[in-house]
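Written below as structure tokens is the structure these notes are about.
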Amino acid sequence: QRDKNTSHKRIRTNKRDHVYLSLFFRPCDRSGDDLDLIYSHLKNAKAFDKFHPTLLQQICFYGYYEDLDRGVTLFRQGDIGTNWYTVLSGSLEVYVSETGRQKDSMLICTLGMGTSFGESILTNKPRCATVVTRKFTELIRIEQKDFKILWEMPSEKLARAGEVLRTVLLARAPHMIRDRKYHLRTYRRCMVGTEMVDWLLQQSPLVHSRNQAVGIWQALCEEGIVVHVCREHQFKDKYLFYRFCEDDQGVGTTPSPADKKDCEEELQDVLLTLAQIGPDAMMRMILRKLPQDRTLEDLEIIYEELLHIKALSHLSTSVKRELASVLVFESHAKAGTVLFNQGDEGKSWYIILKGSVNVVIYGKGVVCTLHEGDDFGKLALLNDAPR
């Protein structure tokens, strides 16, 4: 059984073999040359022809190569998984037992080149099948802790937006991404926040203010496409260092002339998309600040947003401005999160910016669903009564 195995048996010598030898190294021990070699090989492999380039770069960083002889059990039904796999060559058989006894297992399908499997590691649920190699098989394996990082990677649309910006930036202003020294330390392949804002303002009339440019970069920061070099800041229009995620992980490659041409053609569409989501990212960034850290400009942005919330339409201008100074941002990524229970002491009033909330009463179930712009929770505060 191989689910936890990280060893290898074959020593390889040709170029293809050096690629796979690099995939035996721990991710932190892989050099930039190793990653370039792995990427250049895998992007031409048929098994990966449907993988997004950003995902493929992540696989180069986190994946391990493994080759198995015929008849090796990768994992058994009922095991708690530790790895995700994709098939480079060969094939595997999938067996399921309705009784849970191995002797009752039935072959239900065969997994071939390019097939990925093992997603149960995201939830720690037991494996629902037994997987056995049908013949000599080559796999890329990603450990659970690393696969969870990949799973949380940005949406394909925003990942592509980041790729386009990085490629065009390298084509038009390559000096902006470079090694920089600060306080006796060198930061590799990074950019300066103020220069990023300046550059974006020069690319399109769609971006017409520094605040708008900050919102665009912040939208990419929220998705991990752009990161602060020390992970200490959201995006700021200041002398702070940021990197594209490819450069941060050491998998950034030099765009080809064809890549540059494609990205130049996509740039305006990408900026239009980012200009639409930038204001929301800017709003979230401001609301994450402590109230005492908000600038007058921040308060004005919050106030402008409050003007469009129907739950506040009856409030006076002065009350809305007061609210702008005390509102805080809260987000819940998973459905089913309980904000408070019936009978709890009331501590907060909520306004829904995005998403929906079910109101549940004991014995009655869901009595209503609240949506964007609705508010809830104020009665318990006003009456000093339980929820």
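Conditions tested, residue by residue: (1) in contact with a helix residue (DSSP H, G or I) (Cβ under 7 Å, 6 or more places away or on another chain); (2) part of a helix (DSSP H, G or I).
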| site | (1), (2) |
| --- | --- |
| 235 | yes, no |
| 252 | yes, no |
| 260 | yes, yes |
| 263 | yes, yes |
| 297 | no, yes |
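Screening residue 121 against (1) in contact with a Ser or Thr (Cβ under 7 Å, 6 or more places away or on another chain); (2) surrounded by fewer than 17 Cβ atoms within 10 Å (Cβ to Cβ); (3) under 26 Å from residue 148 (Cα atoms) leaves a single unmet condition, (2).
Is it true that residue 347 is outside the structural domain of residue 236 (by TED's automatic domain parsing), at pLDDT below 80, farther than 19 Å from residue 211 by Cβ and not in a helix (DSSP H, G or I)? Taking the combined requirement at face value, the residue does not satisfy it. So is residue 376 touching a residue at least 40 places away in the same chain (Cβ under 8 Å) and within 32 Å of the chain's Cα centre (by Cα) or not? No, not satisfied.
To keep it simple, each residue is scored yes or no on (1) among the aliphatic types (A, V, I, L, M); (2) farther than 16 Å from residue 203 by Cβ.
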position: 266; (1), (2): no, no
position: 270; (1), (2): yes, no
position: 273; (1), (2): no, no
position: 278; (1), (2): no, no
position: 284; (1), (2): no, yes
position: 299; (1), (2): yes, yes
position: 302; (1), (2): yes, yes
position: 305; (1), (2): no, yes
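Take the residues of the stretch 169-199 that are in contact (Cβ under 8 Å) with a residue 60 or more places away in the chain and part of a helix (DSSP H, G or I): which is surrounded by the fewest Cβ atoms within 10 Å (Cβ to Cβ)? Per the criteria, the residue is 171.
Among residues belonging to the stretch 141-169 that are of a type in the set (Asp, Glu) and within 13 Å of residue 224 (Cα to Cα), point out the one that is modelled with the lowest pLDDT. Top of the filtered list is 152. Of the residues making up the stretch 221-233, those that are assigned to a loop (DSSP other than H, G, I, E, B), at negative phi and either surrounded by fewer than 18 Cβ atoms within 10 Å (Cβ to Cβ) or within 14 Å of the chain's Cα centre (by Cα) (or both) number 5. Entry remark, the stretch 315-334: residues being loosely packed, with under 12 Cβ neighbours inside 10 Å and under 34 Å from the mean Cα position of the chain (by Cα) number 7 in total. Restricting the first member to the stretch 302-313 and to residues that are part of a helix (DSSP H, G or I), and the second to residues that are of a type in the set (Val, Ile, Thr), the beta-carbon pairs closer than 8 Å and six or more apart or on different chains are 302/286; 311/351; 312/351.
The values are calculated or read from the model by the stated rules, or taken from the named source; none is laboratory data. Computed from a prediction, not measured in an experiment: that's the story for all the values here. Using ideal geometry, Cβ is built from the backbone for each residue, glycine included, and neighbour counts are taken over all protein chains shown.
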